[in-house]
Every structure is written in structure tokens, then in C-alpha cells.
1. Quick check: from the Cα gyration tensor, does region 136-225 come out rounded (a/c under 1.5), prolate or oblate?
2. At what distance in nm do the modelled label points of residue 223 and residue 180 sit from each other, each positioned 7 Å from its Cα along Cα→Cβ?
3. Between residue 143 and residue 171, what FRET efficiency comes out of the Förster formula 1/(1 + (r/R0)^6) with R0 = 22 Å and r the beta carbon distance, rounded to 0.05?
4. Report relative contact order for region 69-207 in percent, whole number only (criteria: Cα-Cα under 8 Å, sequence separation at least 6).
5. What is the mean projected area of the alpha carbon convex hull for region 69-174, to one decimal in square nanometres?
6. In terms of the Cα gyration tensor, with a ≥ b ≥ c the square roots of its eigenvalues, is region 106-145 rounded because a/c is under 1.5, prolate because a/b exceeds b/c, or oblate?
7. Looking only at Cα atoms, what is the convex hull volume of region 135-177 per residue, in Å³?
8. How far, in nm, would the chain grow between residue 97 and residue 56 when pulled straight, counting 0.36 nm per residue and subtracting the alpha carbon separation?
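No lab work stands behind these numbers, since they all come straight from the coordinates. Worth saying up front: this structure is predicted, and the values here are computed from it rather than measured. Methodologically, a virtual Cβ is constructed for each residue, glycine included, from the backbone with ideal geometry; neighbour enumeration extends over all protein chains shown.
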């Protein structure tokens, strides 16, 4: 769980919102083009899906007793059939409720051939009024990391989710700062917000989150081929 900064400027919000709106329009036409351009059995890229926390590390816990580690693992598993359908090769840093150290997650992402690390988390904030997903990339991140962040945000927006922010994170998070490949961290929503918590804890909500993430990954893998 990574807490959000409340001091987002109007200028920055307008800038990334304009970019994501434009990207959503492009993404609406993207699946048909991709189906025609990619052969039936041809992989279009390789990604590392990193469900945060796990095992002895539950992450944050909602007021209803649901752990972050459970939500993010469920979303990651919902991504699996979609990734296979779209011929995207992938590896999960964990596929069950077990603890994986940050250094091990980075080591998995730094294997030759990996083109993107997507780390999945949920947010929490004590005060009311914070809602929506957030996409983060590291301070000094590559251009590809920033492109991935905006395309993944656009994919989630396409599925109907509200975007809280897309921004650089300055805390030098290990999964963002120590990876050799492009890397982004997605906070799927605020577990402290009743609206966000409803979709985070529902099967249909998690499936839509998975669809939005995979849509963004497809777009990223296409533009960076």
C-alpha cells in the first residue's frame, strides 16, 4: 500500500487527462488492428505481473477485514486468461498466498527478455474523498515506463474506472527503482473509499480491472515493438 499525495496540481491533472483521453480513443480501435497484425500463435511481448504483498505481509486491510494481498492476487489471476488470449507471455511473481521479498521480485523482473514489470497494489487514506486508481513510475524513469503508465491508465479508464493520478513517485520504491526493464506500479483503488472497495472486492469489478490492465499492456507492447 502506498499513500497518495493530496497536492496534485490542476495543470498536471489537465495534462495527463488530455493524454489519457487521446489514448483511450486510440485504444478503442486498437484490438481489431492487433488481431490483423499479429499471427494466431505469435507472442507480442513478455511482462512480469507482480501482485504485491502476500503471506506474512497482508498489505493494508479494509474496514470489512479484506486484505490487500488477496485483492491484488485475484486481479492478477483474472489477467492470466486474457494475457494468454492476446498472446502475451508473462510470469507472476507469486501465484498463491506466499511472501516474496522485494529483492526477489526485482530479480524476476531483471531476467533477460522481460519488457515490463507491472506491480499491482491497493491504496488507503484515512480521510474521506480519495478515490480512483493511481499509476506510478520511478523518479528518473525511462520514457517507456512513462508511456506504459499512461497507456495502462487509459486501459482502466476505458473500462469505466476513475483515475486519481498518473505521476512520478519520489520514494525510490524498490520494484520501480531497481528494475532494469520499464516498470510501473498501479494502485487499483482506495480500500478506504466505499465505492472503490465495492469494485475491489467484487468478482465483476476485479475482472474489469484485469481487462483494463491487459488492454493497457497490449497497447504498450505494440508501441514499443
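1. Verdict is oblate for region 136-225.
2. Using points 7 Å along Cα→Cβ, the separation is 2.5 nm.
3. In this case the efficiency is close to 0.55.
4. This gives 34 percent for region 69-207.
5. The directionally averaged projection comes out at 7.9 nm².
6. prolate
7. 61
8. Roughly 13.9 nm would be gained on extension.
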